[in-house]
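The values are calculated or read from the model by the stated rules, or taken from the named source; none is laboratory data. As the structure is a computational prediction, the values presented were derived from the model and not from experiment. A quick note on method: Cβ atoms are made from the backbone with ideal geometry, for glycine too, and the neighbour counts reach across all protein chains shown. Only protein heavy atoms, including side chains, enter the accessible area calculation; ligands, DNA and RNA are left aside. Shrake-Rupley method; radii C 1.70, N 1.55, O 1.52, S 1.80 Å.
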Amino acid sequence: MTAGDTTAHASTAAPAAPARDERLETIRPHLPREFAARLVEQITVGSHPQVVEVLAPLTGETIVDLPQSGPGDVRHAFEKARAAQSAWAARPVGERAAVLRRLHDLILDNTEHLLSLLQVETGKARLHAFDEVAVSAATARHYAHAAGGYLKARRRPGAIAFLTKTVEYRHPKGVVGVITPWNYPLALAAMDILPALVAGNGVVHKPDNQTALSGVYLRQLAVQAGLPAELWQIVTGDGPVTGPAVVDHADYVAFTGSTRTGRQVAQQAAGRLIGCSLELGGKNAMIVFDDADLDKTLAGALRACFTSAGQLCISIERMYIHHSIYDQFVERFVTEVKALKLGGRLDFGSDIGSLTNTRQLETVTQQVEDARIKGAKVLAGGRRRPDIGPLFYEPTVLTDVAPGMTLFAEETFGPVVSLYRFENEAEVLKAANDTRFGLSASIWTRDSKRATEAALRMHAGMVNINEAYGAAFGSVGAATGGMGDSGLGRRSGADGLWRYTEIQTVARQTLLPIAPSLGMSPARYTRSLGSALRILKALRMR
Ligand code: NAD
């Protein structure tokens, strides 16, 4: 028998766990030890590194004994990436982009391996793992085609029109530190690392121990696509130890993770006067207006709340539904949530997978219990499912959630959504924006004018209209990121690449200096220049 599939249903008592060995052999055929061992060889470690045992969330079996990089290894990784970086930066951008073009194909050619590896490391359902593959390939494609334009030198208005020729150039920062979490190990690595590389940087990447192999596999494909092997280094280790060591040596840091850790990274980066981008947590809201297409909205709501078992930074944790459709919507939603199939097989047979680690299971359990004790109603889910696998938790729908319950305002990062009824637009926008976070939002209505107006009033870096989260997140040519406690800076699009560059302005003066000349007195010079400035304004010169 393997980790089975079953339908979620509401009752507070959790079914008992089966004997551990009944669940074994689910993972191993898809991740042979030799495959993991070959990946592990690519991590920068010393000769006798410490190892940590990484467990598969779906079954609890060992995936790999992962060697850990020490502080010396991190320094060594930066030295190696630095040594390779200048030759890479000197290559024409077209050559660097060609590596991404080939990587795009390799990612898609290896979809099945990547899906299995992602499921093994994260426990997510296979369809949700495919989001990662798709967005990684799309990111490679986008930067392969767009990087040349983004990096082009730009003529700018000069100090004195016609006499000053001013050009902005973009140089790579040098070696960038990229720190990624465990929930989207492939997609987030691709989205933060590929633009850094194509801009001419080296990268030292610190993935989370739990999902390090997905990052290593992506690196392996990049090397196969022609990336100089030394240019992308991978270091592992305990976050609070290896993470700060990476920030200590980096010329820029791209961090994705919790708001708490993001603040620490920002402080450390500020102390070193290096830049950083921070992609952090959220408490994302979805608004369902009275004219929404209910069938599409219900399907979208399931994606919004339960993709990757809710362990998605842009997952919806608060849903506001117009009072005129509330009862009908909630009844149908709860029925559909209860019908979702939880499962741990490495195929497309289940709708929802497992949580990824014990800490996450504890957080979800505690938050739901806290809400229940304080008066929230559990309409679906609300319990662990050890009978399916050690970290499974049922998709959960709550009502009557109020301030004072932890999950009212704090991120849950699990398969839990709270439903609220609203009367009018002003009220719902106020409630949706009443959060310190500002990452993503979702609005459902048939009225596109109303949707855009509401979107522009949302305090969120990404707003999806008639889609759960994928429309904005998957728009890899547009800047995405968070407002407020959800982050700083943007990934994707031009901004996602420009963060990894230093602008240098080169201005060439011709004919006359910017000073009195040709025997002109200072008084006459200032009068003439004043008149010239007035003329430039009248001519609307920029
Ligand atoms: P986390 O902050 O604990 O860890 C993230 C990464 O930082 C890991 O690689 C970890 O090892 C490392 N780290 C830990 N301590 C560090 C330190 N002191 N200095 C430097 N690095 C350190 O986050 P997590 O719990 O692993 O990830 C879940 C969180 O990430 C959630 O809050 C989620 O919303 C957020 N997230 C945000 C985005 C986004 O794009 N905005 C995407 C995915 C996840």
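Please report Rg (one decimal) and Dmax (integer) in Å for the Cα set of the stretch 375-533.
26.9, 92
Any chance you could give the angle, 0 to 90 degrees and rounded to 10, that helix 71-90 forms with the longest Cα principal axis of the chain?
Relative to the chain, helix 71-90 is tipped by roughly 50 degrees.
For the chain, what Kirkwood radius comes out of the mean inverse Cα-Cα distance, in Å?
Kirkwood radius, the chain: 25.0 Å.
Regarding the stretch 116-224, what's the average projected area of the Cα-atom convex hull, expressed in nm²?
Average of the hull's projected areas for the stretch 116-224 equals 8.3 nm².
Please compute the modelled spin-label separation between Asp109 and Ser521, points set 7 Å along Cα→Cβ, answer in nm with one decimal.
7.8 nm
Going by alpha carbons, how many degrees (0 to 90, nearest 10) lie between the helix axis of 212-224 and the longest principal axis of the chain?
Computed tilt is about 50 degrees.
I need to check one value: relative contact order of the chain, counting alpha carbon pairs closer than 8 Å and at least 6 residues apart, in percent.
Once divided by the residue count of the chain, the mean separation gives 19 percent.
Using DSSP to define loop residues, name the chymotrypsin sites (Phe, Trp or Tyr not before Pro) in the stretch 133-172 whose beta-carbon has at most 11 other beta-carbon atoms within 10 Å.
Phe162
Residue by residue through the stretch 202-207, which ³J(HN,Hα) values in whole Hz follow from phi under the Karplus form 6.51 cos²θ - 1.76 cosθ + 1.60 (θ = phi - 60°), with glycine and proline marked x?
x, 9, 10, 10, 10, x
List the relative contact order of the stretch 400-508 as a percent without decimals, with contacts defined as Cα pairs under 8 Å and 6+ residues apart.
Averaging sequence separation for qualifying contacts and normalising by length gives 19 percent for the stretch 400-508.
Can you give the FRET efficiency for Thr62 and Asp370, using 1/(1 + (r/R0)^6), R0 = 45 Å, r = Cβ-Cβ distance, to the nearest 0.05?
Computed FRET efficiency for Thr62 and Asp370 comes out at 0.85.
Return the percentage of antiparallel bridges among DSSP beta bridges fully within the stretch 282-477, rounded to the nearest 5 %.
Rounded to the nearest five, the antiparallel share is 15 percent.
Can you give the local net charge around Leu398? Use residues other than it whose beta-carbon is closer than 9 angstrom to its beta-carbon, Lys and Arg +1, Asp and Glu -1. Before the final figure, lay out the partial values.
Values: positive: Arg372, Lys377; negative: Asp400.
So the surrounding residues net to +1.
Based on a Kirkwood Rh over C-alpha pairs, give the Stokes-Einstein translational diffusion coefficient of the stretch 209-348 at 4 °C and viscosity 1.567 mPa s in µm²/s.
The estimated diffusion coefficient comes to 69 µm²/s.
Specify, per residue and in Å³, the volume enclosed by the convex hull of the alpha carbon atoms belonging to the stretch 458-542.
Convex hull volume per residue, Cα atoms: 209 Å³.
For the stretch 282-477, state what percent of all Cα-Cα pairs lands in each successive 5 Å bin, counting from 0 Å until the bin that includes the largest distance.
Answer for the stretch 282-477: a P(r) of 1, 8, 17, 22, 21, 16, 9, 4, 1, 0 percent.
Rounded to the nearest Å, what's the spacing between the alpha carbon centres of the stretch 204-252 and the stretch 253-285? Just the number, please.
17 Å
Using the heavy atoms of the protein chains and a 1.4 angstrom probe, tell me the accessible area per residue for the chain in square angstrom.
On a per-residue basis, 41 Å².
What's the ranking of 427-433, 325-331 by average number of surrounding C-beta atoms within 10 Å, highest first?
Ranked from most to least packed, the peptides come out as 427-433, 325-331.
How many nm separate the modelled label positions at Arg359 and Glu453, each set 7 Å beyond the Cα in the direction of the Cβ?
About 4.5 nm separates the two model spin labels.
Taking θ as phi - 60°, what are the ³J(HN,Hα) couplings along the stretch 43-57 by the Karplus curve (6.51, -1.76, 1.60), each to the nearest whole Hz, with x for Gly and Pro?
7, 7, 9, x, 6, 10, x, 6, 10, 10, 7, 9, 9, 6, x
State the answer as a single residue: which of Thr399, His323, Thr365 lies farthest towards the positive end of the charge dipole of the chain, with beta carbon charges of +1 for Lys and Arg and -1 for Asp and Glu, about the Cα centre.
His323
How charged is the neighbourhood of Val99? Take every other residue with its Cβ under 15 Å from the Cβ of Val99, and add Lys/Arg as +1 and Asp/Glu as -1.
Neighbourhood net charge equals +3.
Only bridges whose two residues both fall in the chain count here: according to DSSP, what percent of them are antiparallel, nearest 5?
Restricted to the chain, the bridges split so that about 40 percent are antiparallel.
Carbon and sulfur together cover what percent of the accessible area of the chain at a 1.4 Å probe radius?
So the carbon and sulfur contribution to the accessible surface is 54 percent.
Mind ranking 497-507, 384-394, 455-465 by how tightly packed they are, going by the mean number of other C-beta atoms within 10 angstrom, highest first? List each step's numbers first, then the result.
Numbers: 497-507: 16.1, 384-394: 23.5, 455-465: 19.8.
Highest to lowest by the protection proxy: 384-394, 455-465, 497-507.
5 Å is the cut-off here: which amide hydrogens, built 1.01 Å from N in the peptide plane, fall below it relative to Thr166, excluding neighbours closer than 5 in sequence?
Arg156, Gly158, Arg508
Around Leu55, which amide H atoms from residues at least 5 apart in sequence, or from another chain, sit under 5 Å from its own amide H, with H modelled in the peptide plane?
Ile63
Fully extended, how many nm does the chain gain between Met483 and Leu512 (0.36 nm per residue separation, minus their Cα-Cα distance)?
5.8 nm
Can you tell me what share of the DSSP beta bridges in the stretch 239-340 is antiparallel? A percent to the nearest 5 is fine.
Roughly 0 percent of the DSSP beta bridges within the stretch 239-340 come out antiparallel.
What is the spin-label model distance, in nm, from Ala339 to Gln504 if the labels are put 7 Å beyond Cα along the C-beta direction?
If labels sit at Ala339 and Gln504, their model points lie 6.2 nm apart.
Taking amide H positions as placed in the peptide plane 1.01 Å from N, state which residues far from Phe422 in sequence (5 or more) or on other chains have amide H under 5 Å from it.
Ile321, His322, His323
What angle do you read, to the nearest 10 degrees and between 0 and 90, between the alpha-carbon axis of helix 185-198 and the longest principal axis of the chain?
Approximately 10 degrees, to the nearest 10.
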